[in-house]
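Colleague: Quick one: structure below, then a few questions.
The values are calculated or read from the model by the stated rules, or taken from the named source; none is laboratory data. All values reported here derive from a predicted model rather than from experimental measurement. Positions of Cβ are generated from backbone atoms using ideal geometry, with glycine treated the same way; all protein chains shown enter the neighbour counts.
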Amino acid sequence: MATPKKRTSVSRKGMRRAGQHHKLYRKFPMVCPNCKDLTMPHAACPSCGTYKSREIFAIKAAKDEAEEGTTEESQG
């Protein structure tokens, strides 16, 4: 069986693999079934906080936060 006479460098090995099957593929966003916003696959939706139709974390609306800030300022 043939054996190489010289060691293949890391750079040369990387250049060879780059054109074949060791590429990094871009992850394409998908549509969230709950809010219809774009989200990354296998991750919780950042706009509604759901993953696989379950709420993972609660999202406060900016409007609610603004109202809470105004009521606290007027009271104290």
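Colleague: I'd like the full set of residues that are hydrophobic (A, V, I, L, M, F, W, C), at pLDDT below 90 and part of a helix (DSSP H, G or I), limited to the stretch 1-51.
Modeller: 15, 18
Colleague: Quick one: how many residues across the stretch 52-76 are surrounded by 10 or more Cβ atoms within 10 Å (Cβ to Cβ) and either modelled with pLDDT of 90 or more or at positive phi (or both)?
Modeller: Residues that pass the stated criteria total 0.
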